[in-house]
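For reference, the structure discussed in these notes is given below.
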Amino acid sequence: MEQQTPILEVRRVTKRFPGVLALDDVSFELRPGEVRALVGENGAGKSTLIKVITGVYSPEEGEVFFKGEEVSFSDPRESQAVGISTIYQEINLIPLLSVAQNVFLGREPRNTFGLIDVNRMNREAAEILERYGIRADVTAPLHSLGLGVQQMVAIARAISVDTRAVIMDEPTSSLEAREVETLFGVIRQLREERVGVIYVSHRLDELYEICDRVTVLRDGRVVHTGELADLSRLQLIAHMLGRELTEVEAEGATGFGEEHEAAKEPILEAKGLTQWPRLREITFDVRPGEVVGLAGLLGAGRTETAKAIFGAEPLDSGSVKVGGDDLRTGSPGAAIKAGIAFLPEDRKSEGIIPDLSVKENIVAAALPRLTHAGLVSEKEQDQLVDRFIESLGIKASSPDQPVRELSGGNQQKVLLARWLCMNPKVLILDEPTRGIDVGAKAEIQKLVDDLALDGLAVILISSELEEITEGSDRVVALRDGAVVGVLSGEDITEGRLMEVLAHGGDAAEGSENERDVGE
Amino acid sequence: MRQKGLRTKETWVNRASTVTGALDRSAVTSWVRGRGVYVAFVALVVFNLAITPNFASVATLSNLLIQVSPVVLVSLGVALAIGTEGIDLSVGSVMALASVFLPLYIGYGWPVGIFAALLVGAMAGLVNGSLVAFVGVQPIIATLAMLVGGRGLAQIFAGGQLLIVSDPAVLALGQARPFGIPAPVIVATVAAIVVGFLVKRTTFGRYVVAIGGNRSASYLSGHPVRRTLLAVYAISGLLAALAGIVATARLGASDPSNIGILIELSAITAVVVGGTPLSGGRVKILGTVMGALLIQLIATTFIANNLPFTWAQVFTAAIILVAVYLQKGRGAA
C-alpha cells in the first residue's frame with residue numbers, strides 16, 4: 001500500500017480514569033481504503049480508543065488528526081458530521097418506523113412546503129440499500145425484518161452520509177453467515193470507495209477474511225501493529241492474551257479437552273417436541289457426563305428447542321423426561337425443580353438483572369432453597385455466593401456491585417454461577433461464549449468440559465462450528481425446526497456437520513440407525 | 001489482583017462520565033441522587049425553623065404527621081407496584097370503596113366492619129393484579145379502570161350520601177393518642193416497617209425487584225412472576241383500604257366522593273422523589289416515606305406562611321422534575 005495521508009491518525013494518546021490508565025501512549029493510523037482490525041481482550045482499551053476518536057472522551061495527552069488536520073470533537077455528533085461513522089453492536093433504530101424512515105432519521109428530505117418528501121425518501125433509501133446489495137422493502141416497518149437485515153439498515157444509515165471512516169464495533173454478533181457475507185460485500189464496496197474501516201470483532205475467521213492490517217491492544221497499550229496475513233491465528237491470540245506462543249499451542253484454540261465417558265442411561269429424553277411451525281417432532285436424549293451440541297443456522301430452532309425443554313416455550317405436543325420421570329412442560333419453575341438449568345442466549349435481555357447486585361443475581365434461581373419461612377437466609381446466601389465467585393473467578397469489586405458494571409465475560413460467569421449453584425442434572429447453554437473476550441471464552445469452555453467430566457449432562461448451542469465440534473460428544477443437527485442428523489465420535493468435524501446441515505435428510509437416516517445400535 | 005479493581009472501576013467511570021460529561025459533576029449528582037430527598041427535607045426543616053412562626057411545636061409536628069399518614073400508607077403500595085415496573089393509580093378510589101364498606105358492616109361490630117373494608121380493598125387489588133398478571137393489561141390501564149370504576153362503585157354502595165361512623169373503637173384509629181402519638185401515625189409507621197421488611201429481607205421482596213429489573217430473566221430464573229404481581233397489587237389494595245379506614249376514622253364519616261381524591265398523584269410523587277425509579281427494579285421504602293413527608297412539608301410551609309397554596313403545587317412540580325432529572329442518568333447508561 002502506497003504511503004499517503006492517513007484518514008485518521010491518533011498520535012501518542014493517553015487517557016486516564018481515576019486509578020486507571022485506559023490508554024497509554026497509543027498511536028494508531030487508518031489509511032484510505034484500508035480495513036483495520038482492532039482487537040484485544042475486554043478492558044484492553046478498544047472502546048476507550050473508539051470513544052476518543054469519536055469525541056465521547058477527550059484525551060489527557062496526544063492528538064487526533066482527521067484528513068491531516070488536528071481535530072478535537074466535543075461530542076460524537078461532531079465527528080459524525082465531518083465523516084466518521086460508528087456502528088454499534090446493538091441496533092439503535094426505531095422498530096415501528098419504516099426502513100426508509102430509519103435510514104433518514106433526523107435528516108429526512110423535505111419538499112417545498114417543509115414537509116417530509118416521502119417519495120424521495122423511499123426512492124433514495126432504496127438506492128442506498130441497493131448500492132450495498134441489501135435487499136429489503138424500504139416501506140416495511142423495521143421490526144418486520146430479521147435482526148441481520150436490521151443491522152444492515154443501521155449500517156446503511158451510518159454510511160449514507162458523506163463518510164470517510166467507519167468504525168464497526170462487533171457488527172456481526174447478531175448476524176447469520178449469509179448476512180455476514182452481505183456485510184463483507186458492503187465493506188469491500190467501502191474499500192473501493194477509499195473509505196477507511198476500523199473493524200472490531202472477537203471472531204478470528206472474520207478478521208482474516210476481511211481485514212488488511214491489525215492493531216492489537218492490551219492493557220491500554222498497542223502491543224502489535226502490522227499486516228494480518230503475516231500473523232498466524234495462534235500468534236494473534238498470543239498477542240491478545242500476552243502469553244507465550246507455546247502455551248497457546250498446547251491449549252488449542254478452544255478451551256475444550258477430551259471426549260467424555262457418558263453413562264448408559266439418558267438423564268434427559270425429549271420426544272416429539274412440536275410447536276408448529278417452528279419445531280417439528282424433535283427427539284433426542286442426553287446422558288450424564290455427555291455434551292450434546294445442538295447445531296443449526298439461525299432460525300433452525302435451536303433456541304426454541306432449548307426453551308421448550310426448559311418450559312419457557314409452549315408446546316403443541318411432545319414430552320420431556322428427566323431421569324425417567326415425565327416433566328410438566330410449560331413451566332420453568334417445574335423444569336428447575338426437576339434439575340434443568342438454562343443459560344439464555346441473550347445475556348442482557350434474558351439473563352442478568354442489571355440493577356441487582358452480583359450476589360442477588362447469582363442466587364436468583366436458588367432463592368426458594370435459601371428461603372426459610374419466607375425470609376432469605378443471608379448467611380446461606382453469602383456462603384453460596386462466596387463459593388462461586390471464588391470457584392468461577394468472577395471479577396467484581398464486591399458481591400454487592402451491580403452486575404451491569406461487570407464485563408460481558410464476568411456477567412456470563414455470574415449467570416453460570418446462578419445455575420451451577422442449583423446442582424443441576426442437565427445444563428442447557430445457549431451461546432455461552434457469544435460476545436465475550438478470548439480469555440473468558442476459553443475459561444468457560446474449559447468449565448463446560450470439567451462439568452461434563454464430573455457427570456453433568458450438557459446441551460450446548462453455538463453458532464461457532466469450532467465450538468460445537470470441539471466441545472460436543474454428539475451433535476444434533478437441526479434445520480427448519482427438525483432434526484436432520486446426529487453426529488458422534490470421529491464423525492464430528494466441521495466439514496461433516498456442514499454437509500449434514502446443507503443436505504440433511506439422508507445423513508439423518510444413517511445417523512439414526514447408528515444411534516439405535518448404540519443404545 | 002491489581003487488574004481486578006481497575007477494570008471494574010473503568011466501567012464505572014465510563015458509565016458515570018458518559019452520563020453527565022464531567023467527573024466532578026457526576027460525583028456530586030450521584031451523591032445527591034442517592035440522598036436528594038433527605039437533603040431537601042432537612043433544608044426545608046431548617047428553613048421553617050428559621051422563618052415559620054411556631055414551627056417547632058408539638059401541634060405543628062403532629063398535624064404534619066397525621067396529615068401525611070394516609071399518603072404514606074398508599075405510597076407504600078404504589079412503591080411496590082412501581083418496583084415491578086408497574087403502577088397503581090387506583091389507590092384513592094380503593095380508599096373510598098373501603099371507607100364505604102366500613103359503615104355498611106359496622107352493625108355487626110367494629111371488627112367485622114374493619115375486616116369488610118380491608119377485604120374489599122384486597123379484592124380490588126386482586127382484580128388489578130389479575131388484569132396485570134394474567135390478562136396482560138398494562139398496569140396503568142388496569143388501575144386506571146379501577147380508579148374510575150372504584151369510586152363509582154363506592155358512591156353506588158353509599159347510596160350517594162355521607163355515612164356517619166360513630167363506633168368509638170373505629171374513631172380511636174383516627175383520633176386516639178396512645179403515649180401522645182396520634183394513632184394514624186402509629187398505623188403508618190408500622191405499615192412502613194412491615195413493607196420495608198418485606199422488601200429488604202423476604203424472598204417476595206427479591207422477586208419484586210427482579211421482576212421490575214428484568215422480567216424475562218426473572219421468569220427464566222423460575223420466579224413466580226404472576227403470583228408475585230398478583231400479591232403486589234393485592235397488598236397495595238390492602239394498604240389503600242387501611243388508609244381509607246384511617247381517613248374515615250379521622251373524619252367520623254365515610255365520604256365516597258371526596259376521600260382519597262387525587263391521592264394517587266401524591267403517592268407517585270412520594271415514591272419517585274424518594275428515589276424509586278419509575279422503570280422499576282428498586283424499591284426505596286424509607287425514601288418513599290421521606291418523599292411523602294417532603295411534599296406534605298412543602299404544603300405546610302406555604303400554608304403556615306400565608307403564601308398562596310397554588311404556589312406550593314408549582315414548587316412540588318419543580319421537586320418532581322428535579323427528582324426525575326436526577327434519576328434520568330441511570331436508564332441512559
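Values as computed for the structure displayed
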{"quantity": "Within segment A:99-123, tally of residues that are on the phi < 0 side of the Ramachandran plot and surrounded by fewer than 18 Cβ atoms within 10 Å (Cβ to Cβ)", "calculated": "15"}
{"quantity": "Residues being of a type in the set (Gly, Ala, Ser) and without any contact (Cβ under 8 Å) to a residue 60 or more places away in the chain - total across segment A:279-326", "calculated": "7"}
{"quantity": "Residue check, B:Ser93 buried (at least 24 other Cβ atoms within 10 Å of the Cβ) and among the hydroxyl-bearing types (Ser, Thr, Tyr)", "calculated": "yes"}
{"quantity": "Single unsatisfied condition, A:Pro266 versus (1) modelled with pLDDT under 75; (2) farther than 14 Å from A:Glu41 by Cβ", "calculated": "(1)"}
{"quantity": "B:Ala267 vs. criteria closer than 30 Å to B:Phe115 by Cβ and in contact with a Leu (Cβ under 7 Å, 6 or more places away or on another chain)", "calculated": "no"}
{"quantity": "Selection status of B:Leu297, assigned to a helix (DSSP H, G or I), more than 14 Å from chain A (Cβ to nearest Cβ), under 15 Å from the mean Cα position of the chain (by Cα) and closer than 28 Å to B:Ile186 by Cβ", "calculated": "no"}
{"quantity": "Residues within segment A:51-88 that are hydroxyl-bearing (Ser, Thr, Tyr) and without any contact (Cβ under 8 Å) to a residue 60 or more places away in the chain, tallied", "calculated": "5"}
{"quantity": "Among residues of segment A:374-408, those that are in contact with a Gly (Cβ under 7 Å, 6 or more places away or on another chain) and more than 9 Å from chain B (Cβ to nearest Cβ), counted", "calculated": "1"}
{"quantity": "In segment A:284-317, the residues that are part of a strand (DSSP E or B) and crowded, with 20+ Cβ neighbours inside 10 Å", "calculated": "A:Phe284, A:Val286, A:Val291, A:Val292, A:Gly293, A:Leu294, A:Ala295"}
{"quantity": "Some residue of segment A:69-80 being within 22 Å of A:Gln151 (Cβ to Cβ) and more than 29 Å from the chain's Cα centre (by Cα)", "calculated": "no"}
{"quantity": "Residue match in segment B:171-186 (condition: over 25 Å from B:Val289 (Cβ atoms) and assigned to a helix (DSSP H, G or I))", "calculated": "yes"}
{"quantity": "Residues of segment A:335-356 classified as surrounded by fewer than 17 Cβ atoms within 10 Å (Cβ to Cβ) and at pLDDT 90 or above, total", "calculated": "1"}
{"quantity": "Filtered residues of segment A:340-373 (kept if polar (S, T, N, Q), part of a strand (DSSP E or B) and more than 7 Å from chain B (Cβ to nearest Cβ))", "calculated": "A:Ser357"}
{"quantity": "Only listed residue being under 30 Å from A:Ser58 (Cα atoms), among the polar types (S, T, N, Q) and assigned to a strand (DSSP E or B), chosen from A:Ser79, A:Ser85, A:Ser74", "calculated": "A:Ser85"}
{"quantity": "Residue match in segment A:421-435 (condition: at negative phi and at the interface with chain B (Cβ under 10 Å from one of its Cβ atoms))", "calculated": "yes"}
{"quantity": "Filter pass, A:Lys51 being over 13 Å from A:Leu217 (Cα atoms), within 14 Å of chain B (Cβ to nearest Cβ) and assigned to a strand (DSSP E or B)", "calculated": "no"}
{"quantity": "Scan of segment A:147-183 for residues that are over 18 Å from the mean Cα position of the chain (by Cα) and farther than 21 Å from A:Ser47 by Cα, ordered by number", "calculated": "A:Val153, A:Ala156, A:Arg157, A:Ser160, A:Val161, A:Asp162, A:Thr182"}
{"quantity": "Sole exception among (1) surrounded by fewer than 21 Cβ atoms within 10 Å (Cβ to Cβ); (2) more than 11 Å from chain B (Cβ to nearest Cβ); (3) of a type outside the set (Lys, Arg) for A:Val320, by number", "calculated": "(1)"}
{"quantity": "Residue in segment A:20-38 that is part of a helix (DSSP H, G or I), within 13 Å of another protein chain (Cβ to nearest Cβ) and at pLDDT 90 or above present", "calculated": "no"}
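Residue-by-condition table, conditions (1) modelled with pLDDT of 85 or more; (2) in the same structural domain as A:Gln189 (by TED's automatic domain parsing); (3) under 28 Å from the mean Cα position of the chain (by Cα):
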| residue | (1), (2), (3) |
| --- | --- |
| A:Ser85 | yes, yes, yes |
| A:Asn102 | yes, no, yes |
| A:Arg110 | no, no, no |
| A:Glu127 | yes, no, no |
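The values are calculated or read from the model by the stated rules, or taken from the named source; none is laboratory data. Keep in mind that this is a model prediction, so the values were computed, not measured. Here Cβ is always computed from backbone atoms with ideal geometry, including for glycine, and neighbour counts include all displayed protein chains.
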